[in-house]
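Accompanying notes for the structure given below.
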Amino acid sequence: MAGDKPIPHFYKNLLTFIFAIGEINSHPEMLPNITVGYHLFDSCSNEKKTVKSILQILSGPGKTVPNYSCTKRGTLAGFIGDELSDTTIPMAQILGMYGYAQISYGATHSVLSDRRVYPTFFRTVQNDHVSYYILSKLLKHFGWNWVGILTTDDESGDKESQVLTKYMKEDGICAEYVIKIHYFQSMDQTFEYASKTIERSTSQVIVFCGSFSEAFMFIIKQTKHSLINKYVILGTTWSSNTFLFRSFSDVFNGTLTLKPYYSDHVPKLSFFLEKFHPKSYPNDKLLEDLWVTAYECLSPDPYKNQYYEIHFGMSLRNCTGRERLKDIVNFINNGDASRVNNAVLAMAKALHNMYIFQEKKPYRNKITHYKHQIPKSQCSENCLPGYRKAPGSGIHSCCYDCVLCSEGEISSMTDSEACTKCPDNEWSNEKKDLCVPKLEDFLSYDDGVAIAFTSLSMLFCLLTVTVSGIFLSYKNTPVVKANNWSLSMILLVSIMTSFLCVFLFLGRPTDITCILRQTVFGVAFSLAVSSVLAKTIMIYVAFKATKPGSVWRKCLGIKLSASVVLFGSSVQVIIMIFWLSISPPFQELDMHSYQGKIIVQCNEGSVIAFYCVLGYMGLLAAVSFIIAFLARTLPDSFNEAKYITFSMLVFCSVWIAMIPAYLSTKGKNMVAVEIFAIVASSAGLLGCIFFAKCYIIIFRPEINSKTQLFQSRNNNP
């Protein structure tokens, strides 16, 4: 079958050229009174033969003489061709000197776009920059950033590989290797190097650049076993090479080819090819060779038959005469035909109008010959979201390591170059691919520590209420009277307020609770310590007043105790007013002390004012402790100075220990330390001052009498 034979594509180009010339001559409105003729020369993909053919055309029949023309018939108008860049460039160099127009239907080398060097050269295809720019985008689209390049060691191959690697670098694609094939180099050495390089490579994609040659065919043949396992991508210069595809169908099965879009349809060409038959043109050597190649038909020339049988292994036979070109697969409808036809028409119109005016048609690229699953060709695995690229140990930028984003940073895309820092109020999740709101950290009501403090506060508050009820019920008994009932009730109320203010320290802080917690705490404790101080002073004054003629009798009474309590607490209130007016406490969001957390806390505003409040309470407690310590041995049945001494000792110890612990913690732990100090010191006051008295009132009522009181006093001279 003719369709199974590899038909050299230049046959199609030549027949299309002949058809186009015939169409021009058949239209009288095109170049009227002028018949267009042609000379056909095959460059055989060889630069030397190309130059020789050009000089022969310019010189005319006979001996080739540069700068001389022996042509007697017709005028040379221009040149169509060549298809390859390597042969087109020397043509353009020679023809540019003589001012002859040249239109190529296949040369894509970008250097030919330089109008200063090649002023008379034109083409019907785009240059390599466009092709390899699109090819690089194709590689990037499929995620192939690790590829190999197979090219020819000539000007075309060097230029094309340079253009390709330039665009690949811009798209973040690296070449694992670049193999250059030289025709004159030892083929065995080239084969060995190419074969080992391809076999050892980790890239799964190979891009073919440069010009097609016998050396390239040899390398493909010798490395076929290695290429079969790779995915080959061919540029525009290779896309129309059906001979290559048919010769190595197993290698190029599944190949991606980048091919400019042209209309495959050339009007009347199919009709022309159907009539084109050796019987119609018995002297046409082109048709004779085509029929031998396509259908293995015997030629009238026995030497030609012998050549084909020996060199190509053909079994030639007598054909039926019914063979037609339309039976050859992809012969009639081929993209090359439109390019050749356009080149001939462009030349004719230029001759007709003496200028070129043809609207350029946009190129649309399409992918052909691709049937397999998309391969994966990368130097490194993709960095998943949550990771970023980091330079690897290799020299290629495409070979990288994947590093997990740091805490507080994320990457939401694959192959991120860098991680993005989360906003201050957000934090990275476990996978480091999403910013999530930070957890707010404060001493909430459902926290275990908060529940414990709440229970203790409520328990001690109930005990305080119970003690207050006992003192209220037994206010007229000697024990209660001897300990100043009014001061005791003030002290109990202030202690109960201290226990209740614990609830201001729990829950999410706000500006109001931040102000109230320190205000209520400071005033309540100042009132409590002032009451204790007043008790201590009254004990000392009461002992001095018992001596005959003592001036201390005038100080006894409610006025002295009230004055001490009022003065002691008023100073604290003044400090509080000054604090709240200058720099009050406020809610603060600490986003940086702990990773992934926002500490919702109270900022004291003025730290100096806060420590003034604590310092003043310490001063009151110290004075009470000193006076109570001095009065602890005074003769009195119900002398509570020793209890006050012990309570102040507990009070001061708690708050002195609280300060370093308070300063060394943050967030809810700092709040827990302050709550502990409040509960412990308040419980110390309640227990040390009142529990012994309640024991006497409830369990030892016989001691709670005037007789026992005076007897005790008389026994203490």
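The values are calculated or read from the model by the stated rules, or taken from the named source; none is laboratory data. Owing to the predicted nature of the structure, the values given are computational and were not obtained by experimental measurement. Backbone-built Cβ (ideal geometry, glycine too); neighbour counts: all protein chains shown. Keep in mind that these areas ignore ligands, DNA and RNA; they rest on the heavy atoms of the full protein, side chains included. Shrake-Rupley method; radii C 1.70, N 1.55, O 1.52, S 1.80 Å.
Of everything in the stretch 133-169 that's small (Gly, Ala, Ser) and touching a strand residue (DSSP E or B) at 6+ places or on another chain (Cβ under 6 Å), which residue is farthest from residue 108 (Cα to Cα)?
Out of the qualifying residues, it is 148.
Considering (1) out of contact with any Pro (no Cβ under 9 Å at 6 or more places or on another chain); (2) farther than 14 Å from residue 211 by Cβ, say which one residue 128 fails and leave the rest.
Among (1) out of contact with any Pro (no Cβ under 9 Å at 6 or more places or on another chain); (2) farther than 14 Å from residue 211 by Cβ, the lone unmet condition for residue 128 is (2).
Output the number of residues of the stretch 41-55 satisfying the condition of being part of a loop (DSSP other than H, G, I, E, B) and free of Cβ contacts under 8 Å to residues at least 60 places away in the same chain.
Number satisfying all stated conditions: 5.
Among the hydrophobic types (A, V, I, L, M, F, W, C), open to solvent by 10 Å² or more (accessible area, probe 1.4 Å) and under 30 Å from residue 384 (Cα atoms), is that true of residue 58?
The answer is no for residue 58.
Yes or no: residue 117 aliphatic (A, V, I, L, M), out of contact with any Cys (no Cβ under 6 Å at 6 or more places or on another chain), assigned to a helix (DSSP H, G or I) and open to solvent by 50 Å² or more (accessible area, probe 1.4 Å)?
It is false that residue 117 is aliphatic (A, V, I, L, M), out of contact with any Cys (no Cβ under 6 Å at 6 or more places or on another chain), assigned to a helix (DSSP H, G or I) and open to solvent by 50 Å² or more (accessible area, probe 1.4 Å).
Here are the criteria: (1) crowded, with 17+ Cβ neighbours inside 10 Å; (2) out of contact with any strand residue (DSSP E or B) (no Cβ under 7 Å at 6 or more places or on another chain). Tell me which single one residue 592 does not satisfy.
Result: residue 592 passes all but (1).
Go through the stretch 165-182 and give me each residue that's free of Cβ contacts under 8 Å to residues at least 40 places away in the same chain, part of a loop (DSSP other than H, G, I, E, B) and open to solvent by less than 40 Å² (accessible area, probe 1.4 Å).
Listed by number, the list holds a single entry, 171.
Any residue in the stretch 73-89 that is in a strand (DSSP E or B), crowded, with 19+ Cβ neighbours inside 10 Å and in contact with a helix residue (DSSP H, G or I) (Cβ under 7 Å, 6 or more places away or on another chain)?
Residues of the stretch 73-89 in a strand (DSSP E or B): 78-80.
Next cut, crowded, with 19+ Cβ neighbours inside 10 Å only: 79-80.
Filter once more, so that each one left must be in contact with a helix residue (DSSP H, G or I) (Cβ under 7 Å, 6 or more places away or on another chain): 79-80.
Yes, some residue in the stretch 73-89 is in a strand (DSSP E or B), crowded, with 19+ Cβ neighbours inside 10 Å and in contact with a helix residue (DSSP H, G or I) (Cβ under 7 Å, 6 or more places away or on another chain).
Tally up the residues in the stretch 120-131 that are crowded, with 22+ Cβ neighbours inside 10 Å and at pLDDT 90 or above, please.
2
Of the numbered conditions (1) part of a helix (DSSP H, G or I); (2) under 30 Å from residue 246 (Cα atoms), residue 97 satisfies every one except a single condition; which is it?
Of everything listed in (1) part of a helix (DSSP H, G or I); (2) under 30 Å from residue 246 (Cα atoms), residue 97 misses just condition (2).
Counting only residues that are surrounded by fewer than 17 Cβ atoms within 10 Å (Cβ to Cβ) and in a loop (DSSP other than H, G, I, E, B), how many does the stretch 266-297 have?
8
Kindly indicate the residue of the stretch 41-67 that is within 60 Å of the chain's Cα centre (by Cα) and either at pLDDT below 85 or small (Gly, Ala, Ser) (or both) and also farthest from residue 182 (Cα to Cα) among those meeting that condition. Working first, answer last.
Going through the stretch 41-67, the residues within 60 Å of the chain's Cα centre (by Cα) turn out to be 41-54.
If we keep only those that are either at pLDDT below 85 or small (Gly, Ala, Ser) (or both) too, we end up with 42-46, 53.
Details: 42: 23, 43: 19, 44: 17, 45: 15, 46: 14, 53: 24 Å.
If we take residues in the stretch 41-67 being within 60 Å of the chain's Cα centre (by Cα) and either at pLDDT below 85 or small (Gly, Ala, Ser) (or both), then 53 is farthest from residue 182 (Cα to Cα).
Counting only residues that are in a loop (DSSP other than H, G, I, E, B) and over 30 Å from residue 11 (Cα atoms), which one in the stretch 187-243 is most open to solvent (accessible area, probe 1.4 Å)?
Going through the qualifying residues, I end up with 229.
How about the stretch 434-448: which of its residues are under 26 Å from residue 674 (Cα atoms), outside any loop (DSSP other than H, G, I, E, B) and open to solvent by 30 Å² or more (accessible area, probe 1.4 Å)? So that I can check it myself, show each step before the final result.
Of all residues in the stretch 434-448, those under 26 Å from residue 674 (Cα atoms) come to 438-448.
Pick out the ones that are also outside any loop (DSSP other than H, G, I, E, B) and you get 439-441, 448.
Within the stretch 434-448, 439, 440, 448 qualify.
Exactly one of (1) surrounded by 23 or more Cβ atoms within 10 Å (Cβ to Cβ); (2) of a type outside the set (Ser, Thr, Tyr); (3) at positive phi is unmet by residue 109. Its number?
Tallying (1) surrounded by 23 or more Cβ atoms within 10 Å (Cβ to Cβ); (2) of a type outside the set (Ser, Thr, Tyr); (3) at positive phi, residue 109 fails exactly one: (3).
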